[in-house]
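Visitor: Have a look at the structure that comes next, please.
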Amino acid sequence: MRIRSRGIRRAVIWFVALSFCVPVALMSGQSGDLSTGHTQTGEQIFKSACAACHGADGRGTPQEIAGFTKPRTFPDFTQCDQTTPEASTAWKDVILHGGPTRGFSDIMPSFSEALTSEQIDDVIANLPRALVTEKAYPEDEVVISTSFNAQGAPGGTTHIIHEQRFGMKNQIEVDVPINYQDLSHTWYGGVGDTTLGVKRVIYSSLPSGSIERSSGSILSLFGGAILPTGNRARGFGTGTTTFETFAAFDQLFKTNTFIQTQFGADLPRHTNIAPQSIFFNTAIGQSFAANHGLGRLWSPMFEFVGARDLVDNAKMNWDVVPQMQVTISRRQHVRANLGVRVPVNNTAGRQIQVVFYVLWDWFDGRLNEGW
């Protein structure tokens, strides 16, 4: 997840990575001494090094002037939702070593001889997804998340989650669960209750600093409806429409340590069928990457997950979820996470579960690209 409050210029790393920015200082003879980049702003460096392909306004140089065929991924950065939510280190790697290092076209050259590390930071000026705790940052992702019982009666749930940004601060989310369970030695399966929701960023802050030592915070609010599409008789649904709301706050520290928190409530329309409940989730983790912070990303995390029905004498149920996320593709747009969810208290009827997901950030490219 990428935390930012900058404008289009701070997001230039994305279209540098996805397209073919050729430094004017090296190839088209424009003026501009990049060796004095410590006195230049990110905008000045962009105009000197990248505007030949991407245009001074971020729309891209006209085809007849550019001299190359633009790929399907060539973005128009006057559109606010065409800014990457991914780790800046991934795109810094592309600038330093060229497109092929992340599975992009070799037309994108290496800038290691043209720009210093500090200059690249000035141009572009990240948080992994936990298994349970939702991120505050809006994403363009498809997530297939599965949990299954490691003890007791066999069964589990697979969530098919589609997230899509619109504008710069908003996200639509659709979550369709597929349940499967062994009931009296007979397997049953079916769709569970489907969630439709909208997330909006309320506050974000990204202080300036090195990409490898970036920090920041972000706060979002979510509102949605959980539709009764599941079979209640088989335990696959509640039988009533439920309104869900939560606040999510994420904090990234300069040490690449991160904390994500989520607090919310589920409010059924018919409380005689399903009780109202509250939930609190928090994830604490640390990201590590090879190749001086530019390579494959490993993110061990530990989650505390709590939920309580709002009825008399109900108790808060607490679980812990140790886990590890790792990037799979070179482009880092395909990731996987594996963990174990363990009940801490009120363990009667609550089983240990193995939980994992595969995540595809489809905005960063097709599933078969970037390997």
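The values are calculated or read from the model by the stated rules, or taken from the named source; none is laboratory data. Keep in mind that what you see is a predicted model, and the values were worked out from it rather than measured. With ideal geometry, Cβ positions are generated from the backbone for all residues, glycine too; neighbour counts draw on all protein chains shown. The protein model used for the area step is the full one, side chains on, heavy atoms only, and it has no ligands, DNA or RNA in it. Shrake-Rupley method; radii C 1.70, N 1.55, O 1.52, S 1.80 Å.
Residue-wise test of (1) among the small types (Gly, Ala, Ser); (2) under 24 Å from Asn368 (Cβ atoms).
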| position | (1), (2) |
| --- | --- |
| Arg308 | no, no |
| Gln325 | no, yes |
| His333 | no, yes |
| Gly339 | yes, no |
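Visitor: How about the stretch 123-176: which of its residues are farther than 18 Å from Phe246 by Cβ and of a type in the set (Phe, Trp, Tyr)?
Guide: Across the stretch 123-176, the qualifying residues are Phe148, Phe166.
Visitor: Now for a separate question. Of the residues Ile226, Ile218, only one is among the β-branched types (Val, Ile, Thr), surrounded by 18 or more Cβ atoms within 10 Å (Cβ to Cβ) and closer than 28 Å to Gly189 by Cβ; which?
Guide: Values: Ile218 fails: closer than 28 Å to Gly189 by Cβ.
After ruling out the rest, the residue left standing is Ile226.
Visitor: Return yes or no: is Met301 within 30 Å of Arg366 (Cα to Cα), of a type in the set (A, V, I, L, M) and either open to solvent by less than 20 Å² (accessible area, probe 1.4 Å) or not in a strand (DSSP E or B) (or both)? Reasoning before the result, please.
Guide: Details: within 30 Å of Arg366 (Cα to Cα): yes; of a type in the set (A, V, I, L, M): yes; either open to solvent by less than 20 Å² (accessible area, probe 1.4 Å) or not in a strand (DSSP E or B) (or both): yes.
So Met301 passes the test.
Visitor: Any residue that is modelled with pLDDT of 95 or more, hydrophobic (A, V, I, L, M, F, W, C) and in contact with a His (Cβ under 8 Å, 6 or more places away or on another chain) - is there at least one of those in the stretch 145-168?
Guide: no
Visitor: Which of the residues belonging to the stretch 320-350 are assigned to a loop (DSSP other than H, G, I, E, B) and among the small types (Gly, Ala, Ser)? Can you show your working first?
Guide: Filtering the stretch 320-350 down to residues assigned to a loop (DSSP other than H, G, I, E, B) leaves 328-333, 344-350.
Within the stretch 320-350, Ser329, Ala348, Gly349 qualify.
Visitor: Spot the failing condition for Thr282; the list is (1) open to solvent by less than 40 Å² (accessible area, probe 1.4 Å); (2) touching a Leu at 6+ places or on another chain (Cβ under 9 Å), and only one is missed.
Guide: (2)
Visitor: Among the residues that make up the stretch 232-239, is at least one of them more than 22 Å from Glu141 (Cβ to Cβ), more than 21 Å from the chain's Cα centre (by Cα) and among the polar types (S, T, N, Q)? Quick ask: steps written out before the conclusion?
Guide: Of the residues in the stretch 232-239, the ones more than 22 Å from Glu141 (Cβ to Cβ) are 232-239.
From the residues that got through so far, the ones that are more than 21 Å from the chain's Cα centre (by Cα) too are 232-239.
From what's left, among the polar types (S, T, N, Q): 238.
Yes, some residue in the stretch 232-239 is more than 22 Å from Glu141 (Cβ to Cβ), more than 21 Å from the chain's Cα centre (by Cα) and among the polar types (S, T, N, Q).
Visitor: Does Ile259 satisfy being open to solvent by 40 Å² or more (accessible area, probe 1.4 Å) and in contact with a Lys or Arg (Cβ under 7 Å, 6 or more places away or on another chain)?
Guide: Values: open to solvent by 40 Å² or more (accessible area, probe 1.4 Å): yes; in contact with a Lys or Arg (Cβ under 7 Å, 6 or more places away or on another chain): no.
Answer is no for this residue.
Visitor: Related question: Taking Phe356 and the conditions (1) open to solvent by 40 Å² or more (accessible area, probe 1.4 Å); (2) farther than 19 Å from Thr282 by Cα; (3) not in a loop (DSSP other than H, G, I, E, B), which numbered condition does it fall short on, given that it satisfies the others?
Guide: (2)
Visitor: Only residues that are modelled with pLDDT under 90 and hydrophobic (A, V, I, L, M, F, W, C): list them for the stretch 119-135, please. Break it down stepwise before answering.
Guide: Initial filter on the stretch 119-135 (modelled with pLDDT under 90): 119-128.
Within the stretch 119-135, Ile120, Val123, Ile124, Ala125, Leu127 meet the criteria.
Visitor: Taking the options Gly295, Gly349, name whichever one is surrounded by fewer than 20 Cβ atoms within 10 Å (Cβ to Cβ), closer than 28 Å to Thr194 by Cα and either under 25 Å from the mean Cα position of the chain (by Cα) or not aromatic (Phe, Trp, Tyr) (or both). Steps first, please.
Guide: Working: Gly295 fails: closer than 28 Å to Thr194 by Cα.
Only one candidate qualifies: Gly349.
Visitor: Going by the conditions given, is Met316 in contact with a strand residue (DSSP E or B) (Cβ under 8 Å, 6 or more places away or on another chain) and open to solvent by 30 Å² or more (accessible area, probe 1.4 Å)? Walk me through it before giving the result.
Guide: Values: in contact with a strand residue (DSSP E or B) (Cβ under 8 Å, 6 or more places away or on another chain): yes; open to solvent by 30 Å² or more (accessible area, probe 1.4 Å): yes.
Against the criterion (in contact with a strand residue (DSSP E or B) (Cβ under 8 Å, 6 or more places away or on another chain) and open to solvent by 30 Å² or more (accessible area, probe 1.4 Å)), Met316 qualifies.
Visitor: Oh, and also: Somewhere in the stretch 219-226, is a residue under 26 Å from Trp298 (Cβ atoms), aliphatic (A, V, I, L, M) and in contact with a strand residue (DSSP E or B) (Cβ under 8 Å, 6 or more places away or on another chain)?
Guide: The answer is no, given that none of the residues of the stretch 219-226 is under 26 Å from Trp298 (Cβ atoms), aliphatic (A, V, I, L, M) and in contact with a strand residue (DSSP E or B) (Cβ under 8 Å, 6 or more places away or on another chain).
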